[in-house]
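The structure appears below as C-alpha cells.
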Amino acid sequence: MAKKEVAAREGSAKGSVEDQKLQERLAELREEYNRLHEKKIATERDRQNLEERLKELREQAEREYGTSDLEELRRLLDERRRENERMVAEYQQHVESIRARLREIEKTGSEESS
C-alpha cells in the first residue's frame, strides 16, 4: 500500500506542476488575446477614420476639380503647372521689358543733361 501512496503523491505532484504551467500559459495567452483584441479594435477604428477622411477628400476633389479620379487629378496638376510656368515666363518678359524701358529713359535723361 505504501508504494501506491508514493506513486499517487508523485503523480499528484507532477500533475500539480504541469497544471501550474498550463495555468500560467493560459494566463499568458489570455493576456496576449486581450492585447490583440484591443489592437484589432484600434485598427478597425483607424481604418474607419481613414475611410471617412478619404470619402471627404474625394468629395472635396469633386467639388474643386470636378473629379476624384487620381489619374485625372494628376493630369490637371500637370496642366496647371505648365500654365503657371507659362505665366511666370510671360511675367519675367514683362519685367525685363520694363527694365529695358527704364534703362532707355535713364540713358535719354543722362544724355539730355550733358
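Condition test on Leu102, is it free of Cβ contacts under 8 Å to residues at least 24 places away in the same chain and surrounded by 11 or more Cβ atoms within 10 Å (Cβ to Cβ)? Criteria not met by Leu102.
The condition (being over 41 Å from the mean Cα position of the chain (by Cα) and part of a helix (DSSP H, G or I)) is satisfied by just one residue among Glu83, Glu104: Glu104.
Close contacts from the stretch 44-62, counting a first residue that is surrounded by 10 or more Cβ atoms within 10 Å (Cβ to Cβ) and a second that is assigned to a helix (DSSP H, G or I), with Cβ to Cβ under 7 Å and a gap of 6+ residues or different chains, come to Ala61/Leu73. The one condition from (1) modelled with pLDDT of 95 or more; (2) over 22 Å from the mean Cα position of the chain (by Cα); (3) not basic (Lys, Arg) that Ala61 does not meet is (2).
The residues listed here are Leu36, Leu76; of these, the one that is touching a helix residue (DSSP H, G or I) at 6+ places or on another chain (Cβ under 9 Å), assigned to a helix (DSSP H, G or I), of a type outside the set (Val, Ile, Thr) and at pLDDT 95 or above is Leu76.
The values are calculated or read from the model by the stated rules, or taken from the named source; none is laboratory data. Note that this is a predicted model, so its numbers are computed, not measured. As a convention, Cβ positions derive from the backbone with ideal geometry for all residues, glycine included, and neighbour counts pool all protein chains shown.
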